[in-house]
Amino acid sequence: MHVHEKFFIGGEWVSPAGTGTLEVRSPATDEVVGSVPDATSADMDRAVAAAREAFDHGPWPTMTPAERADVMTAVSAELQARTEDLTKLISLEMGAPYIFSMFGHVISATAVLDYYAGLAREYAFEEYRPGMLGNSIVRKEPVGVVAGIIPWNVPLFITMLKLGPALAAGATMVVKPAPETPLDAYVLAEVLESCGLPPGVVNIVPAGREVGEHLVRHDGIDKIAFTGSTAAGRKIGAIAGEQLKRVTLELGGKSAAIILDDAVLDEVVPQLLPAALMNNGQACVAQTRILASRGRYDEVAEALAEAVRAFKVGDPLDPATECGPLVAERQRERVEGYIEAGKQAGARIAVGGGRPAGLDRGWYVDPTLFVDVDNSMVIAQEEIFGPVLSLIPYGDEDEAVRIANDSDYGLSGSVWTGDVDHGVDIARKVRTGTYQVNLLDMEFGAPFGGFKSSGVGRELGPEGLEAYLEHKSIYVPLDHQPTLR
Ligand code: NAD
């Protein structure tokens with residue numbers, strides 16, 4: 001059992017103001033595997049005050065970027081030393097298959113931190129620009145105190161997408177883990193404590209929605225960094241607009257994978273399927289709409305069906321498992337509701353559609369492939385967030401691009417082709433923030449984020465750092481040559 005009774009606030013372990021607890025249940029067994037205190041608004045006030053103090057009076061914002069990078073590197077090394085424990089913990093709390101938990105959650109998280117430590121060392125936080133009446137020093141200063149609102153689907157990695165650039169920038173942060181998955185955040189807190197991070201730079205306070213919204217609205221917060229549902233993102237964006245807070249929103253997706261006629265199916269399917277079903281289908285970048293030409297439709301349907309059927313469902317802690325359970329009972333109900341909606345709309349189930357035999361405990365659903373799907377159906381338009389794929393036919397390439405773009409979302413997409421240059425041409429026509437040609441990838445040096453309802457702003461790359469910086473222009477006389485920091 002992983003039982004925690006305090007919050008990490010101001011560099012200390014602090015008792016909660018209230019008495020509520022959040023029980024963490026294994027999605028694979030529904031057994032309670034841990035508990036943490038459920039923060040109240042008073043706890044959040046305390047965390048914001050600590051982050052405010054650390055920003056307004058602490059050393060972190062004025063340390064050199066290289067000094068901050070040294071602390072970040074130490075945090076990354078300590079997390080790396082705990083990779084195996086973290087991998088198991090994340091599989092336990094949210095059901096990610098062990099191998100994906102290790103690479104997609106833990107190793108990716110430390111790699112993002114390493115990337116931002118490296119960027120902090122080389123980034124020009126001050127630049128000199130010659131002008132007409134005067135010269136300018138363009139300074140990039142930390143944005144202030146950040147509220148990091150984290151979803152349950154990739155908790156440590158998504159925390160690091162915010163914490164990495166915030167730390168590099170010199171900002172301070174209150175992290176609110178999702179109530180389903182707070183356990184890994186306690187390991188992060190222990191590591192931050194052991195690596196000499198100044199008090200209050202990072203505060204970790206698990207809570208539900210209402211207290212999360214209190215954090216978002218808090219006067220002491222300068223910027224909100226949110227990942228989660230589009231519905232919650234709209235609400236948080238509205239609050240940020242009203243209060244003129246800086247905001248980054250990473251929301252849902254309904255990405256289309258276009259299989260062109262020159263693609264070699266035997267090469268495509270083993271790469272596309274993990275991209276489509278990753279994290280038990282609970283990934284914003286999952287390639288859940290698969291587009292095949294009418295001429296090859298049956299061939300693609302057959303190849304996909306065979307691969308989906310072979311996808312190994314089971315205990316997330318078993319390294320052979322490819323698909324674990326959904327995070328919670330309500331998530332399974334939601335996914336099963338979509339499967340029913342697909343059937344009602346006239347799509348045909350080629351594989352799955354039910355619950356896997358022999359897995360009577362936990363929130364499992366069969367990896368499911370719908371064929372004969374029209375892009376206007378609910379299953380092709382809404383984010384299901386489960387292992388449910390839709391195979392959609394197209395006539396020619398223009399129609400494929402049109403279908404890919406016929407979505408409220410615009411997060412990711414992919415094209416599978418024998419000609420990479422041609423794939424890049426297709427990528428140029430699809431309105432999404434990231435695009436993959438013949439591979440499953442997410443490059444940490446390039447910006448990540450959404451067009452349309454998939455979000456506002458970018459994480460990763462230098463653009464992700466700039467989301468935690470305010471620009472300041474200082475004009476100096478023409479004959480003055482300043483020393484830059
Ligand atoms: P959610 O968006 O409601 O919750 C995500 C995080 O935001 C949690 O920490 C939650 O406590 C917090 N939150 C929610 N509303 C808030 C508010 N008004 N103010 C402050 N914090 C708030 O997601 P959910 O209910 O856990 O899942 C519902 C659906 O959202 C899923 O089925 C899935 O479709 C989608 N989802 C998408 C992503 C993604 O990465 N795109 C991640 C998680 C969930």
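Coordinate-derived values only; no laboratory data. For clarity, every value in this text was computed on a predicted model and none was experimentally measured. Positions of Cβ are generated from backbone atoms using ideal geometry, with glycine treated the same way; all protein chains shown enter the neighbour counts.
So the values come out like this:
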item: Hull-based mean projected area of the range 256-437, where the convex hull spans the alpha carbons, in square nanometres; result: 9.7
item: Rounded to 5, the percent of DSSP beta bridges in the chain classed as antiparallel; result: 45
item: Label-point gap, in nm, between Ser229 and Ala345 - each point 7 angstrom along Cα→Cβ; result: 1.8
item: Length released on extending from Val424 to Asp56, taking residue separation times 0.36 nm less the Cα-Cα span; result: 127.8 nm
item: Helix-derived mean residue ellipticity, 222 nm - over the chain, DSSP H n ≥ 4, -39500 (n - 2.57), to 500; result: -11500 deg cm²/dmol
item: Whole-angstrom gap from the range 23-77 to the range 427-479, using each part's C-alpha centre; result: 25
item: Distance from the range 292-306 to the range 345-386 (C-alpha centre basis), Å; result: 17
item: Fully extended contour minus Cα-Cα distance, from Arg296 to Arg334, at 0.36 nm per residue; result: 10.5 nm
item: Cβ-defined net charge surrounding Asn405, 14 Å radius [Lys, Arg +1; Asp, Glu -1]; result: +2
item: Too-long pairs where the Cα-Cα distance tops 18 Å, listed order kept, from Lys6/Lys176; Lys176/Lys223; Lys429/Lys452; Lys452/Lys472; Lys88/Lys162; result: Lys452/Lys472; Lys88/Lys162
item: Share antiparallel - DSSP beta bridges, the range 256-437, percent rounded to 5; result: 15
item: FRET efficiency for Leu478 and Ala238, using Cβ-Cβ distance with R0 set to 35 Å, rounded to 0.05; result: 0.20
item: Pair-distance profile P(r), taking every C-alpha pair of the range 85-235, with 10 angstrom steps and integer %; result: 11, 36, 32, 14, 5, 2, 0
item: Inverse of mean 1/r across different Cα pairs in the chain, Kirkwood, Å; result: 23.3
item: For Met102, net neighbour charge (Lys/Arg +1, Asp/Glu -1) across residues whose Cβ lies under 14 Å away; result: -3
item: Charge-dipole axis of the range 256-437 as Lys and Arg at +1 and Asp and Glu at -1 on Cβ define it, positive-most pick from Pro387, Thr288, His422; result: Pro387
item: Chain lengthening between Asp85 and Glu141 when straightened (0.36 nm per residue, less Cα-Cα); result: 16.5 nm
